[in-house]
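Since the structure comes first, as structure tokens, the remarks are kept for the end.
The values are calculated or read from the model by the stated rules, or taken from the named source; none is laboratory data. No experiment lies behind these values; they were computed from the predicted model shown. As a convention, Cβ positions derive from the backbone with ideal geometry for all residues, glycine included, and neighbour counts pool all protein chains shown.
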Amino acid sequence: MRANYDVVVVGLGPAGASLVYMLRNSGLRVAGIDMGDESKIWGKPCGDAIGSGNFDKNGLPHPSGEALKQIVRGALIYSPSEQGVLRLTGGHGYMIDRNKYGLSLLREASGKVDIYLETKVSNPILESGKLAGVMARGEKGEMELRAKVVVDASGSVGSVRRKLPAEWPVAVEAPETDFSVAYRKIVELDYDIEEPDFIRIYFSTKIAPGGYWWFFPKGKNVANIGLGVQLGRGYEHPAKTYREVLMKRPDIGREVRVLSEAGARLPTRRPIATMVWHNFIAIGDSAFTVDPVHGGGMGYAMTAARAAANAIVAAAETGDFSAKGLWGANLEYMRALGAKQAALDVLRMFLQTLSDEEIEWAISKGLVGKEEVIAVFEAGEFSLTRHFLDTLDMVVRLMGKPTLFGKILKVNDYMKKIKGLYMDYPESPEGLLRWNAEVEELVAEYKRVMNIPF
Ligand SMILES: Cc1cc2nc3c(=O)[nH]c(=O)nc-3n(C[C@H](O)[C@H](O)[C@H](O)COP(=O)(O)OP(=O)(O)OC[C@H]3O[C@@H](n4cnc5c(N)ncnc54)[C@H](O)[C@@H]3O)c2cc1C
């Protein structure tokens, strides 16, 4: 079978399903493809937590009915000893049933967009050095799907992106240590969870080195429990740690039923230098659009989808689907989230060098308070509030941690620098090479100055 489209979207997870939903009334001929069947839509293992702000901001419906499992009103952040607890309130988020929510987007789009499920994309079609579509195999047999623009929303595998010519700047690979592997179980427990509207995050380099472990209630006796660790450092696989360490805890071991269990790899780094090239856009995990510190990727994927949708509509008006014609996706994403994401990547690398003792100290001594955490996650800045500086000063005097104090100020400095570079993202593809060299140089300098060993 052969078909012609304006847009072919590969992968219908949070990135791809959001994009086909956003393009459903654009008048463009759009195809969305996923290798999974209906039961696998948005089926990648996830913590299932998402901030409510992501929906209005990106023009997506809020989860409701069966797709909404729990409203989240706050978070509890635990120090390694679990003696120090930071209680964050005032936020608003959801624990969702990903499959139900994803399907609701696809149902709205179907009829206006061609959806091919159980269809696996094998290769990009390249003609005279140009991307012309993709080859796929599904119930209709071999399919040749031609398009003016192909969107890779296939997750961290990057099914199309990684098969593009190596000299295309979108075809880059990233170091293994810029990824994490996370594993989670959704379980029914034999007790009622206290405060089910609070998600819990636990820092412990013994359990989750380079990451954290979590307990996210999905109702009064169901929880999504998991852990993520940095890749490339020889750490224990999180599934093993779950079995051997977490299951021994009285709050976790008391399972009545396991509803789902799986693990996956995810990028936890700055975004790809360019999401677009000629006739091509990458969004979601394929373009590394994930929060590097907490690993939340659904909201980032939605923002990347919105940037792609706007760029595609603009390109369709001019008929220019080249890198230049699609460049608006980069500009919109980098300013909306990419700059913050790059700053958080700088923070992520620093956090991954801290010992349990240092994390304990920061949480238990009240060094990190609500304002600091909110500033970091909202603006990508380690806001040096009066409270922060006063507490730091006091702790340095009482406990003697001057080196850490200096390090935090340096991290803050580099966070600002990289954020500035991303806010000054080049206006057109001609500036990419130089800009990217500056970013790489800054990151290399940061690693040198901070003695980051990966
Ligand atoms: C254990 C874990 C916990 C997490 N917790 C959270 C959390 O609490 N909150 C949060 O926001 N994020 C969380 N994340 C991150 C989040 O899950 C991802 O960032 C998000 O799913 C990325 O969406 P995506 O659409 O880019 O990719 P995916 O969700 O991976 O979707 C990609 C889709 O592409 C399809 N596909 C792949 N290859 C092909 C092909 N060749 N042909 C056809 N189809 C193909 C797949 O079937 C899949 O449906 C977590 C991740 C993990 C691993």
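Out of everything in segment 1-44 that is of a type in the set (D, E, K, R) and within 13 Å of the ligand (Cβ to nearest atom), what residue ends up being farthest from Ala109 (Cα to Cα)?
Just the residues of segment 1-44 that are of a type in the set (D, E, K, R), to begin with: 2, 6, 24, 29, 34, 37-38, 40, 44.
Subsequent filtering for residues that are within 13 Å of the ligand (Cβ to nearest atom) retains 34, 37-38, 40, 44.
Working: Asp34: 14, Asp37: 17, Glu38: 14, Lys40: 18, Lys44: 21 Å.
This residue is Lys44.
Set side by side, the residues Arg87, Arg107 differ, and just one is surrounded by fewer than 20 Cβ atoms within 10 Å (Cβ to Cβ) and under 19 Å from Val30 (Cα atoms), which is Arg107. So which residues in segment 59-84 are in contact with a Gly (Cβ under 8 Å, 6 or more places away or on another chain) and surrounded by 14 or more Cβ atoms within 10 Å (Cβ to Cβ), if there are any at all? Of everything in segment 59-84, those that are in contact with a Gly (Cβ under 8 Å, 6 or more places away or on another chain) and surrounded by 14 or more Cβ atoms within 10 Å (Cβ to Cβ) turn out to be Lys69, Gln70, Val72, Arg73, Gly74, Ala75, Tyr78.
Here is a check on your reading of the model: is Leu131 crowded, with 18+ Cβ neighbours inside 10 Å, away from the ligand (no atom under 15 Å from the Cβ) and touching a residue at least 60 places away in the same chain (Cβ under 8 Å)? Considered against the rule, which asks whether it is crowded, with 18+ Cβ neighbours inside 10 Å, away from the ligand (no atom under 15 Å from the Cβ) and touching a residue at least 60 places away in the same chain (Cβ under 8 Å), Leu131 comes out as yes. Against the test of being assigned by TED's automatic domain parsing to the domain that holds Leu145 and hydroxyl-bearing (Ser, Thr, Tyr), the options Ser79, Ser18 yield a single qualifying residue, Ser18. Checking each residue in segment 268-285 for being under 19 Å from Tyr425 (Cβ atoms), touching a Ser or Thr at 6+ places or on another chain (Cβ under 7 Å) and near the ligand (Cβ under 10 Å from one of its atoms) picks out only Ile283.
Screening the candidates Val396, Val411, Val439 for the property of being under 26 Å from Glu167 (Cβ atoms) and either surrounded by 13 or more Cβ atoms within 10 Å (Cβ to Cβ) or modelled with pLDDT of 95 or more (or both) yields one hit, Val439. Meeting the requirement of 3 or more residues that are out of contact with any helix residue (DSSP H, G or I) (no Cβ under 7 Å at 6 or more places or on another chain) and touching a residue at least 60 places away in the same chain (Cβ under 8 Å), the helices (runs of 4 or more DSSP H) wholly within segment 295-338 are 298-318. For the subset of segment 219-235 comprising residues that are in a loop (DSSP other than H, G, I, E, B) and out of contact with any Pro (no Cβ under 8 Å at 6 or more places or on another chain), which member is farthest from Val181 (Cα to Cα)? Among them, the one singled out is Asn221.
Results for (1) touching a residue at least 40 places away in the same chain (Cβ under 8 Å); (2) in contact with a helix residue (DSSP H, G or I) (Cβ under 9 Å, 6 or more places away or on another chain), shown as yes or no for each residue.
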position	(1), (2)
Ala208	no, yes
Asn221	no, no
Gly234	no, no
Lys248	no, no
Arg257	yes, no
Ser260	yes, no
Arg265	yes, yes
Thr268	yes, yes
Trp277	yes, yes
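Let's see how each residue does on (1) of a type in the set (D, E, K, R); (2) under 18 Å from Gln352 (Cβ atoms):
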| site | (1), (2) |
| --- | --- |
| Val150 | no, no |
| Ser154 | no, no |
| Ile186 | no, no |
| Tyr191 | no, no |
| Ile201 | no, yes |
| Phe216 | no, no |
| Ile225 | no, no |
| Gly228 | no, yes |
| Lys240 | yes, no |
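Taking the conditions exactly as written (outside any loop (DSSP other than H, G, I, E, B), in contact with a Cys (Cβ under 9 Å, 6 or more places away or on another chain) and within 14 Å of the ligand (Cβ to nearest atom)), does Ala182 satisfy them or not? When the stated conditions are applied, Ala182 passes them.
Within segment 177-198, does at least one residue satisfy the condition of being among the acidic types (Asp, Glu), farther than 30 Å from Tyr78 by Cα and surrounded by 19 or more Cβ atoms within 10 Å (Cβ to Cβ)? Can you show your working first?
First, pick out the residues of segment 177-198 that are among the acidic types (Asp, Glu): 178, 188, 190, 192, 194-195, 197.
Okay, now just the ones that are also farther than 30 Å from Tyr78 by Cα, so none.
No, segment 177-198 contains no residue that is among the acidic types (Asp, Glu), farther than 30 Å from Tyr78 by Cα and surrounded by 19 or more Cβ atoms within 10 Å (Cβ to Cβ).
On the stretch given as segment 112-147, residues that are at pLDDT 95 or above and not in a strand (DSSP E or B) total 4. Checked against the criteria, Ala311 does not count as of a type in the set (A, V, I, L, M) and within 10 Å of the ligand (Cβ to nearest atom).
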